[in-house]
Amino acid sequence: MKKKTVLRLLVVFFIVIFIGAIKVSSTLPNFIKDNSKFKVIYNTKPFNLTFETDKYIFYINKKSIDNIKNYMNNFLNGVFSNIKNKSDGFKNRVILSTEETKETLVNISDRLKEKTKDILRKSN
């Protein structure tokens with residue numbers, strides 16, 4: 001029981017420290033941020049949390065959520081169209097093989113009828 005309580009307190013402690021660091025870093029004046037290699041920009045309305053380094057920018061805002069949503073939509077559409085194309089191809093192959101089998105069976109039955117007629121003529 002004590003371990004869980006200690007763990008919860010540590011998690012809350014680190015969350016408070018993290019949020020405090022974000023708020024302090026985001027409220028620094030621009031002339032300090034411009035000379036810094038690591039910048040944090042945080043706004044509540046509209047929500048924007050941006051971490052900037054020399055080479056990379058990591059942001060969480062409406063644009064990033066829209067990008068993730070568009071990526072997932074494109075991904076799922078691609079998967080579903082792939083499945084549809086594969087199943088259509090399979091269906092076409094089944095139909096073709098069914099038609100070919102039908103033709104083969106008709107040809108065999110026609111040959112059997114002819115052979116039967118020939119055998120019956122010869123026996124008469």
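The values are calculated or read from the model by the stated rules, or taken from the named source; none is laboratory data. Note that the coordinates shown come from a computational prediction; the quantities given were computed from them, not determined experimentally. Cβ placement follows ideal geometry from the backbone for every residue including glycine, while neighbour counts extend to all protein chains displayed. To get the accessible areas, we keep the full protein, side chains included, count just its heavy atoms, and leave off ligands, DNA and RNA. Shrake-Rupley method; radii C 1.70, N 1.55, O 1.52, S 1.80 Å.
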Relative contact order as a percentage, the chain, C-alpha pairs under 8 Å and 6+ apart, gives 9
Counting only DSSP loop positions in the stretch 1-40, the chymotrypsin sites (Phe, Trp or Tyr not before Pro) whose Cβ has at most 13 other Cβ atoms within 10 Å are F38
Reported to the nearest 10 Å², T27 has, with a 1.4 Å probe, an accessible area equal to 110
Rounded to whole Å², per residue accessible area for the chain with a 1.4 Å probe reads 92
Heavy-atom accessible area of V24, protein chains in place, probe 1.4 angstrom, given in Å² to nearest 10, is 90
If one builds a Gaussian network model of the chain from Cα atoms under 10 Å apart, the most fluctuating residue listed among S26, S64, S109 is S109
Order by accessible surface, 1.4 Å probe, largest leading, for residues Y42, Y71 comes to Y71, Y42
A 1.4 Å probe over the protein heavy atoms gives the stretch 1-70 a carbon and sulfur accessible-area percentage of 69
Within the chain, excluding any trypsin sites (Lys or Arg not before Pro) found in a DSSP loop (not H, G, I, E or B) and having at most 13 other Cβ atoms within 10 Å, the longest uninterrupted segment runs 56-124
Here the net charge surrounding T50, from other residues whose Cβ is less than 13 Å away from its Cβ (Lys, Arg +1; Asp, Glu -1), is +3
Note: N74 to T27 extended length (0.36 nm per residue) minus current alpha-carbon separation gives 13.2 nm
